Amino acid sequence: MKIYTKTGDKGFTSLIGGTRVPKHHLRIEAYGTVDELNSYIGLIRDQEISEVDKDTLKEIQDRLFTIGSTLASDPKKSKMKIPDLKETDIEFLEKQMDRMNEELPELKHFILPGGNTTASFAHLARCVCRRAERISVHLAETEFVDEKVIIYLNRLSDYLFTLSRKITFDKKSEENIWLPRV
């Protein structure tokens, strides 16, 4: 099997179901941004973090492939069976945040991104996740997007923020608190 097909050389690509759309279509932007997010999460997993966090991130990467396949499908034409996102996937993120928050100091200020390289990677992933969420919400204004996709992305950005705090805490780095000039 060749990786290159040449079918996208004119700026169009196919959704699952066969519908051809321009590569700038919101659906392509949505699942492309989820793919970018998945790459950042892989980068975080490759750092020196706890095995529990690595396992959690691998689970998240799997869910992001599920989300990507959902977003890459033409809801009107696709007959292909694709994996489903479930309520338990959202609850999993919430439980992981609760677990991490038990160890963390109370949040009293906004946190500036940074602290250490790994925490910064988590902040980058959080920002990409927020973009994926915004694009998915925009897409949902005109086309079907499973509501759980948007909820999951929203919760995932919260998880990534919490993970950045936990990484900072675990590495005994200082959080960069924001003290506004007033």
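All of the numbers you see were taken from the coordinates with simple rules; none came from a lab. Predicted model, so just to flag it, every value in this text is computed and none were measured. Here Cβ is always computed from backbone atoms with ideal geometry, including for glycine, and neighbour counts include all displayed protein chains.
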Quote to one decimal, in nm, the extra length available between Asp55 and Val182 on full extension: 0.36 nm per residue of separation minus the C-alpha distance between them. 41.4 nm
Average Cα contact separation per residue, the chain, under 8 Å, 6 or more apart, as relative contact order %: 27
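Which order results if Arg165, Arg20, Arg45 are arranged by neighbouring Cβ count within 10 Å, fewest first?
On the way: Arg165 21, Arg20 13, Arg45 17.
Arranged by neighbour count, lowest to highest, Arg165, Arg20, Arg45 become Arg20, Arg45, Arg165.
Need the full-extension length gain, Lys86 to Asp9, defined as separation in residues times 0.36 nm minus the C-alpha distance. One decimal, nm.
On the way: separation 77, 0.36 × 77 = 27.72 nm, distance 3.61 nm.
Extra length from Lys86 to Asp9 when fully extended: 24.1 nm.
Starting from the Kirkwood radius over alpha-carbon pairs of the range 1-107, derive D by Stokes-Einstein at 25 °C in a medium of 0.890 mPa s and give it in µm² s⁻¹.
Details: Rh = 16.2 Å.
The calculation lands on 152 µm²/s.
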If one builds a Gaussian network model of the chain from Cα atoms under 10 Å apart, the most fluctuating residue listed among Lys95, Lys166, Lys148 is Lys95
Going Cα to Cα from Lys23, which lysines come in below 21 Å? Please leave out same-chain ones fewer than 8 positions away. Lys2, Lys6, Lys10, Lys76, Lys77
What's the FRET efficiency of Met1 with Glu174 using the Cβ-Cβ distance as r and R₀ = 45 Å, to the nearest 0.05? 0.35
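Report, in order of residue number, the helices in the chain meeting two criteria: a C-alpha extent of 24 Å or more along the helix axis, and a mean Kyte-Doolittle hydropathy of at least -1.0; treat each whole DSSP H run as one helix. Walk me through the numbers before you get to the answer.
Working: long enough: 26-45 (28 Å, 0.15); 51-71 (30 Å, -0.44); 117-140 (34 Å, 0.27); 147-170 (34 Å, 0.09).
Answer set is 26-45, 51-71, 117-140, 147-170.
Can you sort Thr7, Thr56, Thr13 by how many other beta carbons sit within 10 Å, fewest first? Spell out each step's value before the answer.
Values: Thr7 10, Thr56 22, Thr13 18.
Ordered by Cβ neighbours within 10 Å, fewest first: Thr7, Thr13, Thr56.
Starting from the Cα gyration tensor of the chain, multiply each eigenvalue by 5, take the square root, and state the resulting semi-axes largest first in whole Å. It would help to have the intermediate numbers written out before the result.
Details: eigenvalues 219, 54, 53 Å².
Largest first, the chain gives 33, 17, 16 Å.
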Where the Cα atoms of the range 97-182 are projected onto their three principal axes, how long is each span, largest first, in whole Å? 45, 34, 23
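Looking at the square roots a ≥ b ≥ c of the eigenvalues of the Cα gyration tensor of the range 136-182, which shape do they give, rounded for a/c under 1.5, prolate if a/b is larger than b/c, or oblate?
Working: a/c = 6.12, a/b = 2.06, b/c = 2.97.
Oblate is the answer for the range 136-182, as a/c is 1.5 or above yet b/c matches or exceeds a/b.
I need Tyr152, Tyr4 ordered by Cβ neighbour count within 10 Å, fewest first.
In order of increasing Cβ crowding within 10 Å: Tyr4, Tyr152.
If each DSSP helix of 4+ residues adds -39,500 (n - 2.57) and the sum is divided by the residues in the chain, what number results at 222 nm, nearest 500 deg cm²/dmol? All intermediate terms of the calculation are to be shown ahead of the outcome.
Working: 5 runs with 104 residues, N = 182.
Dividing the helical sum by the residues of the chain leaves -20000 deg cm²/dmol.
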Looking at the chain, identify the longest residue range that excludes and avoids all GluC sites (Glu not before Pro) in DSSP loops having at most 16 other Cβ atoms within 10 Å. 49-101
Distance in Å, no decimals, from the C-alpha centre of the range 20-36 to the one of the range 94-147 is 20
Hey, can you grab everything whose amide H is under 5 Å from the amide H of Asn176? Only 5+ residues off in sequence or another chain; H modelled, so Pro and N-termini drop out. Leu112
